[in-house]
Amino acid sequence: MARTARAYTNIALIKYWGKKDKALKLPWTSSLSLTLDKFYTDTKSTIIDNDHDVVYLNDELLDDSSSLRIRNYLDVVRKMYGFNDHLQINSTNHVPLSAGFASSASGFAALAASVNETMNLNLSNKEISILARNGSGSATRSIYGGFVEWIAGNSNETSFAEPIDENPDIDIVLLSVVISEAEKSISSTKGMELSVKTSPFYSNWSTLVASEIIKIKQAIANKDLQQIGEIAEHNALSMHALTLSAQPPYTYFAPETIRIIQIVKTLRQQGFLAYVTIDAGPNVKIICSKQSVKAVKDYLDKNVQNVSTFEAHIGKGIQYF
Ligand code: 2P0
């Protein structure tokens, strides 16, 4: 009996923003993330005697349109590994929409690991990472725990994640500040494409990312949380500059997003360790220390209405049970 695979979500500290190959999801730049402990997806795959795949999400059977992305992905996997069997996928998402994280990273990482189990593909973690990337870029990194680098590469075989430090002794806490649970107005896939094609700053993005990856890896090695936060915040805001400078311009920020950025800056001036990072949506994730997180949370609870906060810590790589 194949085991269930569990993959955790991750937050990019150096963002992936743009593909050089859409089908293979090869990114223009490397990226670097922290795997989180709270939010994960459990997936089990079973071979079925059927001419199409069947997908259950949170115990509900998905209709053809909702399961299309997963079924297309399974077609890719069948082609890559030369099998014809169809599968029943049972996936449970413990990534509540309300927590402000996308579920595609943990979702496709768990699915790749689960298919590897069920089909006895005997893949290494590097190969599972490649398989996960074919489902969603950010899933590439969710194979490992702790700090993880996705090496951009230039082919299916050379674009995969590597662990930097799976059990870092660093005092980092991530506080997710949820402003809105609404579906984003422009998907990250579309947003990236627009930034790559039209932002006059996109040509500088790869130079910036290359230097920030070197710097943040040094900061991780030095266990320098302040330096990690500074680099991550700069990288995130630079990514968002690629949205505002696209044609037509777009932004994921809501008015409250800016407000939280300003509050975090004020808290920093008051001596608290706090830096923002923001993905393709309005919600803000605050990089805190174990010492600063309570003060940051209390300040937000008192001063900002209609937002909720979720705390996450360093998470593990793929687990099986
Ligand atoms: C990241 N994001 O590095 C970046 C930062 C959002 C902002 O990866 O098209 O769902 O499936 O490869 O991975 C979100 O995009 O996009 C993302 P696809 P994905 O985490």
Given charges of +1 on the Cβ of Lys and Arg and -1 on the Cβ of Asp and Glu, with all other atoms neutral, how large is the dipole of the chain about its Cα centre, in debye to the nearest 20? 780 debye
Going by a ≥ b ≥ c, the root eigenvalues of the Cα gyration tensor, does region 220-321 fall in the rounded group (a/c under 1.5), the prolate group (a/b larger than b/c) or the oblate group? rounded
Given a 1.4 Å probe, the accessible area of the chain per residue, as a whole number of Å², is 45 Å²
Between the helical axis of 293-303 and the dominant principal axis of the chain, each derived from Cα atoms, what acute angle in degrees is found, rounded to the nearest 10? 70 degrees
Cα-Cα over 31 Å, subset of K20/K290; K197/K294; K19/K297; K190/K285; K19/K217; K190/K215: K20/K290; K197/K294; K19/K297
Enumerate the amide H contacts of G18 below 5 Å, restricted to partners 5 or more residues apart or on another chain; note that Pro and chain-start residues carry no placed amide H. W28
Which whole-angstrom value gives the distance between the alpha carbon centres of region 128-207 and region 270-296? 19 Å
A student applying the Cα gyration tensor rule (rounded when a/c is under 1.5; otherwise prolate if a/b is larger than b/c, oblate if not) would label the chain prolate
Shape call for region 126-281 from the C-alpha gyration tensor, a ≥ b ≥ c root eigenvalues: rounded (a/c under 1.5), prolate (a/b greater than b/c) or oblate? oblate
A 1.4 Å probe over the protein heavy atoms gives the chain a carbon and sulfur accessible-area percentage of 49 percent
Provide the packing ranking of 19-28, 248-257, 38-47, 275-284, i.e. peptides ordered by the mean count of other C-beta atoms within 10 Å per residue, highest first. 275-284, 38-47, 19-28, 248-257
Taking 0.36 nm per intervening residue step and subtracting the Cα-Cα distance, what contour gain separates T189 from Y320 on full extension? 44.2 nm
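The values are calculated or read from the model by the stated rules, or taken from the named source; none is laboratory data. Computed from a prediction, not measured in an experiment: that's the story for all the values here. Backbone-built Cβ (ideal geometry, glycine too); neighbour counts: all protein chains shown. Note: areas computed on protein heavy atoms with side chains; ligands, DNA, RNA excluded. Shrake-Rupley method; radii C 1.70, N 1.55, O 1.52, S 1.80 Å.
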